[in-house]
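Peer 1: Here it is, the structure in full.
The values are calculated or read from the model by the stated rules, or taken from the named source; none is laboratory data. Computed from a predicted model, the values in this text were never measured in an experiment. Cβ placement follows ideal geometry from the backbone for every residue including glycine, while neighbour counts extend to all protein chains displayed.
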Amino acid sequence: MSSGESENLPLTTINKEEKENHENEEVEDVHDIHLLQNTSSENHNGSPTDDKIISIQTSVPKNRRKVSKSISDIFFRNKKRAKRQKNNDIKENGNGQTVDKNSNPEKCNESSAKSVDGVNENNQNSKASNQHSTSTSTFDDGYESCNSTPLGSGSTKHKPHTNTASNVVISCPLRKKDLHVQIEEDEKGFESLILSTTSSQAEGDPDSSCDIEDHRETWASNADFLLSIIGFAVDLANVWRFPYLCYKNGGGAFLVPYLLMLVFGALPLFYMELVLGQFNRLGPISVWKICPLFKGVGFCAVLVAFFVSFYYNVIIAWSVYFLASSVHSELPWLHCNNTWNTKLCWESMISDDGFENVTRIRPEFNDSTPTNRHTPASEFFSRSVLEMHTSAGLHDLGYPKWELVVCLFIVYTTLYISLFKGVKSSGKVVWVTATMPYVVLTILLIRGLMLPGSGKGISYYLQPKLSKLKETQVWVDAAVQIFFSVGAGFGVHLSYASYNTFHNNCYRDCLVTSIVNSFTSFFSGFVIFTYLGYMSYKQGVDIDEVATDGPGLVFQVYPEAVATLPGSNIWSMLFFFMLIMLGLDSGMGGLECVITGVMDEFSGFFKEIRFSREAFTLGIILVSFSVALVNLTPGGIYMFHLFDTYAAGISLLTSALFEAIAVSWFYGLNKFTQDIDAMLGIKPGLYWRICWKFVSPSFIIGVILFGLIFPDPLKYEDYDYPGWAEGVGWCLALASILMIPLTAIWQLLKAPGTFKEKLAICITPVDEHEYLRETKLVSRFKAKHWLYV
């Protein structure tokens, strides 16, 4: 326990002879200590709980029911009585010294010592002045005041005295804490009075003026936080992946495994992350003070988020390039008469502006050359934007295309402006980035419903095929989609929640975000398939030949569909502006996770640097930008696909798995539910506890095993990756995964004592280490800790 927080407060000792005379008598322990509260000038470290446990052994009938009372009921029932008792004590003890109400904390020791000396001097003249004593002559006043120190394992039985007790009255700056008194029995059969002190941030009145002063930045409003987590959860995958998966895996029938995976898998983990961040008010690395053995989970999450930024922001850069290209009077992907087009290019769509093109007849293709790779939009993306035809593969990357570099620079500049001031700046940006996509999607849907063939597309999208539910791949696709869409395991939601006020209703935010995320995925499917149905009608082909997912959908299929509409420039600009908005808030979330995680973990270092937030954010932006440049080369699409496959695949699922195990098993569901009760005033039900402990981890383990047993070959279109490329990909994945075991080993090595003692320290929250060293009692070595549900 740090000396700056508390020091020993000697209490007056009782007469030794009187102790021996009453050794075998049993009485109830009566504590009549009146403390006068002052506002503390100390700053709190930002942790919402700083539990210090006092164990005082006392002779109490064992048939007494265990009770828990608030300290306000015990010590502050009668303020007038406290003031009156103070005046009486001053008169009786002849001690006229008082501590100035507004005195500094540094003066507290001197003033309190004088007050106690006066009491001790008076006690030498009157031997019957004390009611009880403690073995360590210390007592925790429950306020982390500069004169109080919680008791350790030592305890002393309290004896009866016939004389009246004198009261020690101390006045010094205090920090408001709530104490809860509970009688518990230790291993030796002694009844102990347990006083648990919890900071007012954890269990105090949210409207109280006595809340701990916390200098951690907070959201300007709850709406800023809610829009931020919605913006991160709702990303490009909601538009380019879910509609295709729904169509491929049984249409409306796909919603059954999707919703089941959401309710029993992703939703509980999402709620868990919000609770962890909000309760501890720390980033994804430092939050693991709750279980130091799993601190590597935080490093894993931060690395995954950082690796994703290397390629995810490139998608936004492509969208900026398409947005700029849409300004031209005629969209450059409308016809096949451009310099980048090949002889195989054919114009599959007839323009509604009456323009006739002689290359409209569909050429013959073999099975290895699908027709949709040689439409004007497809060739524009692959040959004009990416220039991938000039690269032979991953070993022949080339130099970045300068136009794309400019677009990427614009993206990262926007990200820096949004992030460098923390949540105060990003919280304002999300009002645009998180809401604008819904406006654009609605406009595009209304226009799409007016097109011929749109009804056919929607019927393909929703037509249920219940036979698909028998296939294992359908369930795996649903699990992967919902886990990646919600974003559990990234540490982003945890980082965002750490800037909440302590009593924010994160349960409500969790439900709202999950509903909005699922609705957006479903709603965007209507938008996409209205245009796919239109393309199928115009080309005279089955919808299977035009339906696709990933970048091919948003940069090839959809641009081709809008290119034939009247006012195509407007529709194209709206669509790509929507993609930019969807991508930006997700990009901000990933980098915020990295910034918050590292700065919280090394806060001592960053506090010494002026403008540390601005400087560190700039450094992260520059590193991510530099690595992302490799994806802008002619061979960059192959590196992009490598990043997309390994950066956040099995590593993200591993992060989410160990997070669930660490919290529900090692930290303990009992402790976790108490944390939620302290914040929200409600305890999670049986559904949440069972999902946290059993169901959600089981789902993740199943998905991981399926991916390892039936891996997809690493391939992009006709290009087969060499063996060494797969090795590079696994190194990328293991770079984050290995942080979990390596950090656990390091925590065990640096902990003192035997292996059992090391393990006890590493699986016990840091706040309980002091109590653990004093009592040698490890609650997490008991069966009831592991069996609690």
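Peer 1: List the helices (runs of 4 or more DSSP H) that sit entirely inside the range 435-495 and contain at least 2 residues that are over 36 Å from the mean Cα position of the chain (by Cα), on the phi < 0 side of the Ramachandran plot and small (Gly, Ala, Ser).
Peer 2: 454-462
Peer 1: Report, by residue number, each residue of the range 745-789 that is among the hydroxyl-bearing types (Ser, Thr, Tyr), surrounded by 12 or more Cβ atoms within 10 Å (Cβ to Cβ) and more than 16 Å from residue 296 (Cα to Cα).
Peer 2: Across the range 745-789, the qualifying residues are 771, 775, 779, 788.
Peer 1: Considering only residues that are of a type in the set (D, E, K, R) and either over 30 Å from residue 592 (Cα atoms) or touching a His at 6+ places or on another chain (Cβ under 7 Å) (or both), look in the range 459-507 and name the one that is surrounded by the most Cβ atoms within 10 Å (Cβ to Cβ).
Peer 2: 468
Peer 1: Of the numbered conditions (1) part of a helix (DSSP H, G or I); (2) more than 30 Å from residue 332 (Cβ to Cβ), residue 573 satisfies every one except a single condition; which is it?
Peer 2: So residue 573 meets the others, but not (2).
Peer 1: Restricting to the range 743-778, give me the number of residues that are over 17 Å from residue 661 (Cα atoms), part of a helix (DSSP H, G or I) and in contact (Cβ under 8 Å) with a residue 40 or more places away in the chain.
Peer 2: Residues that pass the stated criteria total 10.
Peer 1: Helices (runs of 4 or more DSSP H) wholly in the range 217-281 with at least 1 residues that are modelled with pLDDT of 95 or more and under 20 Å from residue 691 (Cα atoms) - which ones?
Peer 2: Passing ranges, in order: 267-280.
Peer 1: Can we say residue 483 is more than 20 Å from residue 553 (Cα to Cα), in contact with a strand residue (DSSP E or B) (Cβ under 9 Å, 6 or more places away or on another chain) and assigned by TED's automatic domain parsing to the domain that holds residue 375?
Peer 2: It is false that residue 483 is more than 20 Å from residue 553 (Cα to Cα), in contact with a strand residue (DSSP E or B) (Cβ under 9 Å, 6 or more places away or on another chain) and assigned by TED's automatic domain parsing to the domain that holds residue 375.
Peer 1: Being among the hydroxyl-bearing types (Ser, Thr, Tyr), under 23 Å from residue 305 (Cα atoms), modelled with pLDDT of 85 or more and assigned to a helix (DSSP H, G or I) is the requirement here; does residue 586 meet it?
Peer 2: yes
Condition check ((1) buried (at least 18 other Cβ atoms within 10 Å of the Cβ); (2) out of contact with any Cys (no Cβ under 9 Å at 6 or more places or on another chain); (3) in a loop (DSSP other than H, G, I, E, B)) across all residues:
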residue	(1), (2), (3)
382	yes, yes, no
398	no, yes, yes
406	no, yes, no
409	no, yes, no
414	yes, yes, no
417	no, yes, no
421	no, yes, yes
428	no, yes, no
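Peer 1: Further, regarding this structure: Is the range 688-695 home to any residue that is in the same structural domain as residue 305 (by TED's automatic domain parsing), touching a Phe, Trp or Tyr at 6+ places or on another chain (Cβ under 9 Å) and on the phi > 0 side of the Ramachandran plot?
Peer 2: no
Peer 1: Taking into account only those residues within the range 629-678 that are over 18 Å from residue 297 (Cα atoms) and β-branched (Val, Ile, Thr), which is farthest from the chain's Cα centre (by Cα)?
Peer 2: Here the answer is 633.
Peer 1: Just to be sure I understand, how many residues within the range 731-749 are out of contact with any helix residue (DSSP H, G or I) (no Cβ under 6 Å at 6 or more places or on another chain) and either modelled with pLDDT under 95 or small (Gly, Ala, Ser) (or both)?
Peer 2: 1
Peer 1: Filtering the range 314-336 down to residues that are surrounded by fewer than 24 Cβ atoms within 10 Å (Cβ to Cβ) and not hydrophobic (A, V, I, L, M, F, W, C), which residue is nearest to residue 581 (Cα to Cα)?
Peer 2: Per the criteria, the residue is 321.
Peer 1: Starting from residues that are at pLDDT below 85 and among the aromatic types (Phe, Trp, Tyr), keep the ones in the range 337-355 and report whichever is nearest to residue 564 (Cα to Cα).
Peer 2: 355
Peer 1: Further question: I'd like the full set of residues that are of a type in the set (D, E, K, R) and either in contact with a Leu (Cβ under 7 Å, 6 or more places away or on another chain) or outside the structural domain of residue 311 (by TED's automatic domain parsing) (or both), limited to the range 708-729.
Peer 2: Result: 726, single match.
Peer 1: Examine the range 621-633 for a residue that is out of contact with any helix residue (DSSP H, G or I) (no Cβ under 8 Å at 6 or more places or on another chain), in a helix (DSSP H, G or I) and of a type in the set (Gly, Ala, Ser), and state whether such a residue exists.
Peer 2: Yes.
Peer 1: Still on this structure, I have one more. Go through the range 402-430 and count every residue that is charged (D, E, K, R) and modelled with pLDDT of 95 or more.
Peer 2: Of the residues in that region, 1 qualify.
Peer 1: If you don't mind, there's one more thing I want to ask. Just the residues that are part of a helix (DSSP H, G or I) and surrounded by 12 or more Cβ atoms within 10 Å (Cβ to Cβ), please, taken from the range 706-732.
Peer 2: Within the range 706-732, 706, 707, 725, 726, 728, 729, 730, 732 qualify.
Peer 1: Evaluate the range 505-525: report whether one residue or more is closer than 20 Å to residue 446 by Cα and over 32 Å from the mean Cα position of the chain (by Cα).
Peer 2: no
Peer 1: Quick test for you: out of 440, 405, 385, pick the one residue that is assigned by TED's automatic domain parsing to the domain that holds residue 598 and closer than 20 Å to residue 309 by Cβ.
Peer 2: Residue meeting the stated conditions: 405.
Peer 1: So which residues in the range 643-691 are out of contact with any Lys or Arg (no Cβ under 8 Å at 6 or more places or on another chain), aromatic (Phe, Trp, Tyr) and within 30 Å of residue 477 (Cβ to Cβ), if there are any at all?
Peer 2: If the condition is that a residue be out of contact with any Lys or Arg (no Cβ under 8 Å at 6 or more places or on another chain), aromatic (Phe, Trp, Tyr) and within 30 Å of residue 477 (Cβ to Cβ), then 643, 646, 658, 687, 688 are the ones that fit.
Peer 1: Determine the pairs where a residue that is touching a residue at least 24 places away in the same chain (Cβ under 8 Å) and over 18 Å from residue 389 (Cα atoms), located within the range 708-732, has a partner that is hydroxyl-bearing (Ser, Thr, Tyr) and not in a helix (DSSP H, G or I) with Cβ atoms under 6 Å apart, the partner being 6 or more residues away or on another chain.
Peer 2: 714/721
Peer 1: Out of all the residues in the range 648-660, is one or more aliphatic (A, V, I, L, M) and closer than 13 Å to residue 275 by Cα?
Peer 2: Among the residues of the range 648-660, at least one is aliphatic (A, V, I, L, M) and closer than 13 Å to residue 275 by Cα, which makes the answer yes.
Peer 1: Touching a Cys at 6+ places or on another chain (Cβ under 7 Å) and touching a residue at least 12 places away in the same chain (Cβ under 8 Å) - does that describe any residue in the range 666-688?
Peer 2: yes
Peer 1: Identify, from the list 716, 687, the residue that is farther than 25 Å from residue 292 by Cα and modelled with pLDDT of 95 or more.
Peer 2: 687
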